[in-house]
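Peer 1: I have a structure here, written as structure tokens, and I will follow up with some questions on it.
The values are calculated or read from the model by the stated rules, or taken from the named source; none is laboratory data. Fair warning: this is a prediction, and the values are worked out from it, not measured in the lab. Don't worry about glycine lacking a Cβ; one is built from the backbone with ideal geometry, like all the others, and counts go over all protein chains shown. Heads up: the accessible areas ignore ligands, DNA and RNA and are worked out on the full protein's heavy atoms, side chains in. Shrake-Rupley method; radii C 1.70, N 1.55, O 1.52, S 1.80 Å.
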Amino acid sequence: MAAGSRGPFGLHNLPFGVVSGLGPVPAVVVRVDDRVVDLAGLARDGRMRQPPQLFEGGTLDTFLAAGRATWTATRRELQELLADVGAEALPGGALAD
């Protein structure tokens, strides 16, 4: 199923956040439909142009400090990637009920 087909968190509304439970430390993620995608995992896998350090550390601080141009580029890149492969094919997991 294509990303953005269920609920308010589709390709045009990709909220960034931090979640616990994907690994030993909190992960910076983006929510897509009923899933979260691990941004550091994407960067480590070479699926994003941004360095993994931008999303490591368990907070959004480094990413937010990078500024609007980085946020915009990241969102655009995620929209393209998600449209191509969908959230299920990316590192992360389903949200618990």
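Peer 1: Hey, does segment 55-68 have a residue that's modelled with pLDDT of 90 or more, among the basic types (K, R) and farther than 17 Å from E80 by Cα?
Peer 2: Scanning segment 55-68, I find at least one residue that is modelled with pLDDT of 90 or more, among the basic types (K, R) and farther than 17 Å from E80 by Cα, so the answer is yes.
Peer 1: Please tell me if R6 is open to solvent by 40 Å² or more (accessible area, probe 1.4 Å), basic (K, R) and at pLDDT below 85. Walk me through it before giving the result.
Peer 2: Details: open to solvent by 40 Å² or more (accessible area, probe 1.4 Å): yes; basic (K, R): yes; at pLDDT below 85: yes.
Yes; evaluated as a whole, the condition is true for this residue.
Peer 1: What number of residues within segment 34-55 are in contact (Cβ under 8 Å) with a residue 24 or more places away in the chain, more than 13 Å from F16 (Cα to Cα) and charged (D, E, K, R)?
Peer 2: 4
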